[in-house]
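The values are calculated or read from the model by the stated rules, or taken from the named source; none is laboratory data. On a predicted model such as this, the values are computed, not experimentally measured, just so you know. Cβ: placed from backbone, ideal geometry, glycine included. Neighbour counts: every protein chain shown.
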Amino acid sequence: MTGRRIALVAAGASLVYAALAPTFTTGSLLRTLGSIFMFATLAQAWNVIGGFAGYASFGNVVFFGLGGYVVAVLMAKARWGFWPSLLVAIVFGVVFAVLIGLPVLRLRGHYFAIATLGVAEGTREVVLNMPRLTGGGSGITIPALGTRATTPYPGNRAFYYYFLVLLVAATAVVWLISRSRFGYALRAIHQDEDAAGAVGIDTTRAKTAAFAISGGLTAAAGAIFAFQQVTIYPERLFSVEITVLFVVMAVIGGTGTVAGPVVGAVALQFLSEYLRSHYLEFHTLIFGAIIIVAVVFLPQGSVSFVREAIAERRLPLLDNVRRNRL
Amino acid sequence: MAQFLQATVYGLLQGSLYALVAVGFSLVWGVMNIVNLAHGAFVIMGAYVALEANLTFGLDPLIGMLIAAMALFVFGYLVQRLLINLVVNAPIWMTLLLTFGLELFCVNVLIAVATGDYRSIATSYAARGFSMGSVRVPYGRLISFVLAITLTAALAAFMNRTRTGQAIRATGMDRVTARLMGINVRNIYAVTFGIAAALAAACGALIGMVGTFSPPGAGALTLRSFVIAVLGGLGNMWGALAGGLLLGAVEAWGGQYLSGTLVNAISFGVLILVLIVRPTGLLGRPFYEARVEV
Amino acid sequence: MRIRIALGLVVLLALASCGSESKVTGAGGTAAGTIKLGAALSLTGKLAREGILTREGYDYCRDKVNAQGGVKVAGKFYKLAITYQDDKSTPDTAAQLVDQMNDGGIKFILGPYGSASTEAAAAVVEKNGQLMIDSAGADNAIFAKGYKQTFAVLSPATTYVTAMVKAAAELASPKPKTVAILSADDGFSKTAAEAGAKAARSAGMNVVATEFFPNGATDVSSELTKVKPKHVDLILGSVHLAEGIAIIKQSQELGVNPKGGFGLTVAVPTPTFVKTLGKAANDVIGSSQWTPQTKGRDSLFGSAEDYTTGIRTKLGHAPEYHNAEASAACLAFIEAANKAGSLDVGKVRDALASLDVDTFFGHIKFDSTGKNADKPMSVVQVQNGQLVTVWPKGPGTKPLVWPTPAFGRR
């Protein structure tokens, strides 16, 4: 059996295991796992534009928030059910990405990162200032409990499956991208955008498509999250902390790889939970320290690190420092 | 009319403080292509140093400002030399993440040591002011305005007239050649970062004097510095000053004639507008990305 | 490489699910004479200060009752134990933690800090059939959803500004004729501001301006500049600490001097307010859920004065109302468990719903939505650097200082 076949079998096994997990785990653990799957999806979606194309977006949470608010507003104000609202949320995310991408994808490097951050923060402020539509600072509540619900509240198990399916879809999309011409185009753009343009790649179309895919997947996650939370607030749904969290997951796991974001999400969430229950006062501090250490020693992410370690049969920890230091 | 004048004057005074915060941030970004997400944390740290100096030794915040600047210079130098220098050649989001981790760390150390309470440095004169017609000009903010301009001018002079300043500019233009010319780039980077931290700390002392501060407020300060640095053109000191003043005025007008809750949306709108229309900033010139101009 | 990663994932998931199975205990959460309560509090993050004060209040109650032998239920004594988790001041974490507590068999929940986290937790509590006693979530929106499992001991948001209006109408001479209202734009502040505006109009005052600013703003100069030319008698702020301090500081800078001064809800009873503003804080009124002059006594804490002495001895600082409301929530649970004579969630819930007791925190009696609607909000004022109670009048309260001299002369 080749390495790749083993990998596929193992991936399939863990998928089957994840699918059966709800039959023997408790409600709140399902909630935690669901949240891990959601973050993994967000990291995977970011991976498309940030990892493959190299356009480090620091505002992807804007799609998360918009997806959530579209669902909330449609369900609360227009009395729609969840599934049609979810569809609209995804379309909204894609369209918003394309529209925003028009001006913003022309920028590079830090400028692009800051522009996307500005878009996210600005959108949050706009949502805050439309209280009649979105509830503004008071938040908005989806009618999910009791008789007024347009779609009855599904419960922890159902949300676990929703997030799992979304993660599988996101990973499948990234896997397909990584093996396609589109993926090569993105990687080329990452390495040298001008050269990529020179060899005939339509860089604008590729970047926009990547951004749109990223936006749609993120919006879907936001939509499901909003339904799960029932009441959502702008500060939480458009929080820059969420962006940084899933970027850290993608980077620590390994950008530009298929398994990286998933690995990063699982590892970081467990780490976060562990720290929170054992170091009640200092967990954020320790988390910050860990990020620093990870960035210094593992900048290419754990997946590539492990690959290199196996290939060279040693731990190339200090190599990174030597390679990247001034 | 009186309201417009008051809003404008107050907005400019407020803007000068924003500008001072952004000058250091812009310097680091322009010279070293490092976006320091912990910059706001340095401001707050400086504010606490000045507060301690005031509470323990009774020192006026204008003196505490000097102490804070010196302390944070050392801190900034060490952070750059021992930590950030390690990832300078890595992909861009590495420094972003590193400084983000640094911010988390510093802010939470502050919370652990000083609690998350809102603090302020009490002076007898800061809130008082004089009236020019119907416009009130508070002393504290006037002093900050004067200091902001003075410090920016001092920094510009430093950049132009001293060897270290010129070494910094040279490194910002072309690091490889600077090295060939015998400039110790590791040291210069650390000095630059230290200067930025010192300016941030000085600003923190001033903010403590005229307003309130608390560790969770660091993020908002950093975010504003982004906007102003981009507005003014990266690495451009006077640009940052102009950008800060402009932003302060625009926010004041926005708050006056639109709803007060739109203030933040306005600053981001300005940011995006500038990035789309003129990404090199109001006063920046379209040369290479990392270039210091004074 | 990929094999190992995939296998690693499988192992992780396996470990995770194994871990959880051992955590599931029997229903009820009582084991050999201990009642377990759970609290998801903001021990870090924006609301850390208040979260820690809330924790102090819960702990003080627990220690007091355990020193007495424990909670008496149907003739037997049970020790009280509280499990804390940190919700990082984020509502969805609070909800997740309360859910986790449910799996751990903890059915009785002491509320988180703040309306947002309380609202999120209330949804989960309702779904799981747990019981929550809310100590710090005042927004009326929480109680407009038909939840049956959440009860709040504190006065709702609608009373925060209204109390100051009532105090001014009753005690101020000459009565203020014009009022301006400044409010943060979060749900709790807006509810308080709207109710306050209504109360002001019914008291015959003219509300000439209502201005909003972002939650947590440290610059309210635009709003003050707009209000200044209207020369109102009283400026009421539905604010938190940061905005309250900003209003006073910037009013000083801009020369805004209403005759009756300022009323700034929860900013005033926070010690940092006086510490930061010095003389400028004098004569500012505020509202507080509890003061050492609050009327009422109970068998656990005694009177409000006794509570003050107790907290001072134990913690070394004077109690803030966050301590008191937390202790009161814990006390409500104890009273309900006692009254129900059982630790069955349904029976304790019904006992809570019909509770009608006098406590150091004031009277606790819940209306049909779970609010403690009868308990009055106290109005305080800073006089010579000290916080004193001015309303409702009673033993230990001081007369209201009115009108207020301009800033330079305080």
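Of the helices (runs of 4 or more DSSP H) lying entirely inside the stretch B:162-253, those containing at least 3 residues that are more than 30 Å from C:SER42 (Cα to Cα) and out of contact with any Leu (no Cβ under 7 Å at 6 or more places or on another chain) are B:163-173, B:175-180, B:185-210.
Restricting attention to the stretch C:142-155, the residues that are touching a helix residue (DSSP H, G or I) at 6+ places or on another chain (Cβ under 6 Å) and either closer than 15 Å to C:ASP186 by Cβ or of a type in the set (A, V, I, L, M) (or both) add up to 3. With respect to the conditions (1) surrounded by 24 or more Cβ atoms within 10 Å (Cβ to Cβ); (2) polar (S, T, N, Q); (3) free of Cβ contacts under 8 Å to residues at least 12 places away in the same chain, B:ASN89 falls short on a single one, namely (1). Per the conditions (1) over 21 Å from the mean Cα position of the chain (by Cα); (2) assigned to a helix (DSSP H, G or I); (3) within 14 Å of chain C (Cβ to nearest Cβ), the sole criterion not satisfied by A:LEU133 is (3). Once the stretch A:314-325 is narrowed to residues that are modelled with pLDDT under 75 and in a loop (DSSP other than H, G, I, E, B), the residue that is farthest from B:LEU97 (Cα to Cα) is A:ARG314. Can you tell which of B:THR171, B:THR150, B:THR177 is surrounded by fewer than 16 Cβ atoms within 10 Å (Cβ to Cβ) and over 19 Å from B:ALA242 (Cβ atoms)? Being surrounded by fewer than 16 Cβ atoms within 10 Å (Cβ to Cβ) and over 19 Å from B:ALA242 (Cβ atoms) holds for just one of B:THR171, B:THR150, B:THR177, which is B:THR177.
Among the residues of the stretch A:287-319, what is the count of those that are closer than 22 Å to C:ALA48 by Cβ and either buried (at least 20 other Cβ atoms within 10 Å of the Cβ) or touching a strand residue (DSSP E or B) at 6+ places or on another chain (Cβ under 9 Å) (or both)? Spell out how you get there, then give the answer.
Filtering the stretch A:287-319 down to residues closer than 22 Å to C:ALA48 by Cβ leaves A:287-291.
Add one more test, that the residue is either buried (at least 20 other Cβ atoms within 10 Å of the Cβ) or touching a strand residue (DSSP E or B) at 6+ places or on another chain (Cβ under 9 Å) (or both), and what stays is A:287-288, A:291.
Residues that pass the stated criteria total 3.
Of everything in the stretch B:1-10 that is more than 8 Å from every other protein chain (Cβ to nearest Cβ) and in contact with a helix residue (DSSP H, G or I) (Cβ under 9 Å, 6 or more places away or on another chain), the residue that is nearest to B:ARG136 (Cα to Cα) is B:VAL9. If the condition is being more than 10 Å from chain A (Cβ to nearest Cβ) and over 20 Å from the mean Cα position of the chain (by Cα), then the stretch C:110-147 contributes C:GLY129, C:GLN130. Taken together, the residues in the stretch C:298-353 that are polar (S, T, N, Q) and over 23 Å from C:GLY396 (Cβ atoms) amount to 2. Within the stretch B:145-159, the presence of at least one residue that is within 14 Å of chain C (Cβ to nearest Cβ) and touching a residue at least 12 places away in the same chain (Cβ under 8 Å) is confirmed.
Can you name the residue in the stretch B:111-151 that is outside any strand (DSSP E or B) and in contact with a Pro (Cβ under 8 Å, 6 or more places away or on another chain) and is also farthest from B:PRO215 (Cα to Cα) among such residues?
First, the residues of the stretch B:111-151 that are outside any strand (DSSP E or B): B:111-118, B:120-128, B:133-134, B:139-151.
Then drop every residue that is not in contact with a Pro (Cβ under 8 Å, 6 or more places away or on another chain), which leaves B:111, B:114, B:116, B:121, B:123, B:126-128.
Values: B:ILE111: 6, B:ALA114: 9, B:GLY116: 6, B:ILE121: 15, B:THR123: 21, B:ALA126: 22, B:ALA127: 23, B:ARG128: 27 Å.
Ranking the qualifying residues of the stretch B:111-151, first place goes to B:ARG128.
The condition of being more than 13 Å from the chain's Cα centre (by Cα), surrounded by fewer than 24 Cβ atoms within 10 Å (Cβ to Cβ) and within 8 Å of another protein chain (Cβ to nearest Cβ) holds for only one of A:GLU273, A:GLU281, that being A:GLU281. Here C:LYS371 meets each of (1) touching a Lys or Arg at 6+ places or on another chain (Cβ under 9 Å); (2) surrounded by 22 or more Cβ atoms within 10 Å (Cβ to Cβ) with one exception, condition (1).
Within the stretch B:124-145, the set of residues being in contact with a helix residue (DSSP H, G or I) (Cβ under 6 Å, 6 or more places away or on another chain) and surrounded by 17 or more Cβ atoms within 10 Å (Cβ to Cβ) comprises B:ALA126, B:ALA127, B:GLY129, B:VAL135, B:ARG136, B:PRO138, B:GLY140, B:ARG141, B:SER144, B:PHE145.
Identify, please: which residue in the stretch A:109-124 is over 12 Å from B:ALA265 (Cα atoms) and among the β-branched types (Val, Ile, Thr) and is, among those, nearest to the other protein chains (Cβ to nearest Cβ)? Give the steps one after another, and end with the answer.
Just the residues of the stretch A:109-124 that are over 12 Å from B:ALA265 (Cα atoms), to begin with: A:109-117.
Checking which are among the β-branched types (Val, Ile, Thr) leaves us with A:114, A:116.
Values: A:ILE114: 5, A:THR116: 10 Å.
Top of the filtered list is A:ILE114.
Does the stretch C:102-109 include one or more residues that are farther than 23 Å from C:ASP344 by Cα and within 11 Å of another protein chain (Cβ to nearest Cβ)? Checked the stretch C:102-109: no residue is farther than 23 Å from C:ASP344 by Cα and within 11 Å of another protein chain (Cβ to nearest Cβ).
Scan the stretch C:216-239 for residues that are at the interface with chain B (Cβ under 10 Å from one of its Cβ atoms), in a helix (DSSP H, G or I) and aliphatic (A, V, I, L, M) and jot them down.
Of the residues in the stretch C:216-239, the ones at the interface with chain B (Cβ under 10 Å from one of its Cβ atoms) are C:216-226, C:228-229.
Imposing the further condition that a residue be in a helix (DSSP H, G or I) reduces the set to C:221-226, C:228-229.
Correct list: C:LEU224 only.
Within the stretch A:107-122, one or more residues are outside any helix (DSSP H, G or I), over 20 Å from the mean Cα position of the chain (by Cα) and within 30 Å of A:ILE189 (Cα to Cα).
Taking the residues in the stretch C:199-215 that are surrounded by fewer than 21 Cβ atoms within 10 Å (Cβ to Cβ) and in a loop (DSSP other than H, G, I, E, B) as candidates, determine which candidate is nearest to the other protein chains (Cβ to nearest Cβ). Filtering first and then ranking leaves C:ALA203. Applying the criterion of being assigned to a helix (DSSP H, G or I) and of a type in the set (S, T, N, Q) to the residues of the stretch A:220-247, the residue that is nearest to the other protein chains (Cβ to nearest Cβ) is A:GLN229. The condition of being on the phi > 0 side of the Ramachandran plot, more than 7 Å from every other protein chain (Cβ to nearest Cβ) and modelled with pLDDT under 90 does not hold for C:GLY255. The residue of the stretch C:22-56 that is farthest from the other protein chains (Cβ to nearest Cβ), among those that are closer than 22 Å to C:GLY346 by Cβ and at pLDDT 80 or above, is C:GLY33. If you go through the stretch B:173-204 and keep only what is within 14 Å of chain A (Cβ to nearest Cβ) and closer than 29 Å to B:GLY15 by Cα, you end up with B:TYR189, B:ALA190, B:VAL191, B:THR192, B:PHE193.
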